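Read-outs: derived from the displayed coordinates by stated rules, not from any lab. Keep in mind that what you see is a predicted model, and the values were worked out from it rather than measured. Glycine gets a Cβ as well: all are built from the backbone with ideal geometry, and neighbour counts include every protein chain shown.
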Amino acid sequence: SSVPPPWSQAPMPWYLENKRCYAERHGYHFVFNQDAPSIDLKAEVDGYGYSIHWVKLMAVREALRSHDWVFWIDYDALFGNFSQTLDEFIDIAEKNSAADLILQNGFELVSPNAFLLRSSPWSFRFLDRWEAFGRQAVRDRGKMWELRTFNCALVHVLLVPVTGSGVRACSEWPDQVFLLRRLLERHGFGYQERRSIRGMGKVYFWDPVLQTPRGFLFNVNNVEQQKHFNEEDLYHIGDLGIHWPKPDKDTPVMRAFANEQEGETGCKRWESPKADLEDAFQPQGDLNAPPFYNPELLLGRVGRTVQLRFAAVLALGPEGLAVLKPLMAIGQGKTWSRVDLLIGRRAEEEERAAYETDVVRLRKYRSIGGLPPTALYDFVYVGLPAGAGSKEVNREIDESMARLVPGGLVVVPVDACGHARLEQRRGREVFNTWWRITQTAGSLDLGGRDRGCVWAYGIRSINADDYYLAVTGNDYYARDVVKP
């Protein structure tokens, strides 16, 4: 380190002391580098100032020259589990791959906030490629440029051994994320493949859902972050590290998490982080199924991927036709073009007068399977009678998934969606492990127990074949042949 003790002289010393004491606990060499980087951070290159983020690349490259492995962790992160070693990650990756780079897997971009890199010629070439993308003269480069170029370099090194060519250029266009994901899907490196295969060439993708320990670093788990991130992306008690993603790094939340012990000296002062700090871990919902979205936020997030124009609603459950009004209201300002409302019988004239519009059409079908297979939707709601069994539920889920556009959403009401009694709740064991459960949302009251509504939900992934249709206007809608 170029900063001599006491470490308390560094800015926000709890971030530094926490990392130093974790390293000391396990015999790792702690490096905190404040040397001037080879890039002038104050100068602009083609209108882009490289910012402090690029110190990461320079520091890792330098540390690799004198260490077998280097673990990078951002300054605004803390170790939460001092018992968890980095050696366990390395041992598992080495037993199952020839990896030089160990990353935490993600659905879209892989975050460089924490990763393990082995000292090897391949690793230095990877860092060179990362820097080369960073130095490209690209318009509108912002503070996320370091993240985007890391992912461009990652996709490049995965593709070259397979295709003979890689990524030619990076960009700050929003579609860049979809383009990288499409390239990975097309060549067998998609999200699901990374989850199952993990070791891909010189890269090992650690899966936070399927593996233990879960991974390196997770964003603080509070209500605000739950609006933007999946369950596996947020901190749980026992995780190795916790990350504060907001600009106010001098936050009392992280200082309290570091849990400085007054009266102690050395690492005894810092080696007991408050891993269960309420402000850092705020799971919502009932005890049996900790959720991370309410239905409104879930629809809002899906609405950033698809257009939320076409919906099918199976309204056979206890909520009945009462489901229509709140579902129409929680479209986050989107304009529905068609909502097929399936009621399982011929509609009465009074019902048609009350519910049918130019958008909403009442249907007599008792199953999503009654809709033409060419009819595709952004959103499908499967509301079945309270006594419906798992076989019926799974059949409707299969029919619904077959009619979803890429990125579309299917939901099944689980609890409080018109369910007046506890015994009417649908058992969570009905749903496959990849299904998730939303948090209770008081604003989505469907006449139940005044506790809002809990959904089980699944999202159809966007694969390589779907990419252009999903991103360039959803031409799938041209196939909708449902007639009144």
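Take peptides 233-242, 207-216 and line them up by average Cβ neighbours within 10 Å, highest first, as a rough protection proxy. If you can, show how the numbers build up before the last one.
Working: 233-242: 21.4, 207-216: 17.5.
Per-residue mean Cβ counts within 10 Å order the peptides as 233-242, 207-216.
Just going by the charge dipole of the stretch 95-199, with Lys and Arg at +1 and Asp and Glu at -1 on Cβ, which of G190, L179, F107 is farthest out on the positive end?
G190
Between R255 and Q192, 0.36 nm times their residue separation minus their Cα-Cα distance comes to what? Present the calculation step by step, with values, prior to reporting the outcome.
Numbers: separation 63, 0.36 × 63 = 22.68 nm, distance 3.68 nm.
Stretched out fully, the R255 to Q192 stretch lengthens by 19.0 nm.
Using a Förster radius of 30 Å, what is the FRET efficiency between A169 and N96 based on their Cβ-Cβ separation? Nearest 0.05, please. Intermediate values should be presented prior to the final figure.
Working: r = 33 Å, r/R0 = 1.10.
Efficiency at R0 = 30 Å is approximately 0.35.
All other residues with a Cβ under 15 Å from the Cβ of S196 taken together, and with Lys, Arg as +1 and Asp, Glu as -1, what is their net charge? Please report the intermediate quantities before stating the final value.
Numbers: positive: R194, R195, R198; negative: E185, E193, D207.
Cβ neighbours under 15 Å give a net charge of 0.
Cα centroids of the stretch 155-173 and the stretch 200-259: how far apart, whole angstrom?
Each part's Cα centre sits 28 Å from the other's.
What full-extension length gain, to one decimal in nm, is calculated for R345 and E278 as 0.36 nm per residue of separation minus the Cα-Cα distance? Walk me through the numbers before you get to the answer.
Values: separation 67, 0.36 × 67 = 24.12 nm, distance 4.93 nm.
Here the segment from R345 to E278 would lengthen by 19.2 nm.
If the only charges are +1 at each Lys and Arg Cβ and -1 at each Asp and Glu Cβ, what is the size of the charge dipole of the stretch 224-273 around the Cα centre, to the nearest 20 debye? Could the numbers behind the result be given before it?
Values: 6 positive and 11 negative charges, 31 e Å.
Here the stretch 224-273 has a charge dipole of around 140 debye.
Report, in listed order, any pair from K56/K202; K95/K391; K19/K95 with a Cα-Cα distance greater than 32 Å.
On the way: K56/K202 21 Å; K95/K391 40 Å; K19/K95 27 Å.
Check vs 32 Å cut-off fails for K95/K391.
So if R0 is 51 Å, what FRET efficiency would K268 and S390 give, r being the distance between their Cβ atoms, rounded to the nearest 0.05?
Values: r = 53 Å, r/R0 = 1.04.
The calculated FRET efficiency here is 0.45.
Just flag the GluC sites (Glu not before Pro) in the stretch 90-159 sitting in loop per DSSP whose Cβ has no more than 13 other Cβ atoms within 10 Å. Before the final figure, lay out each step's value.
Working: sites: E94, E108, E131, E146; in loops: E108.
Counting only loop positions with at most 13 other Cβ atoms within 10 Å, the GluC sites (Glu not before Pro) in the stretch 90-159 are E108.
Tell me, what ³J(HN,Hα) does each residue in the stretch 124-129 have, in order and in whole Hz, if you take phi through Karplus 6.51 cos²θ - 1.76 cosθ + 1.60 with θ = phi - 60° and put x for Gly and Pro?
My calculation for the stretch 124-129 gives 5, 5, 4, 5, 5, 5 Hz in order.
Please quote Rg/Rh for the stretch 184-249 to two decimal places, taking the Kirkwood radius as Rh and restricting both calculations to Cα atoms.
1.04
List the relative contact order of the stretch 198-273 as a percent without decimals, with contacts defined as Cα pairs under 8 Å and 6+ residues apart. Walk me through the numbers on the way to the answer.
On the way: 73 pairs, mean separation 15.9, N = 76.
With pairs under 8 Å counted, the relative contact order is 21 percent.
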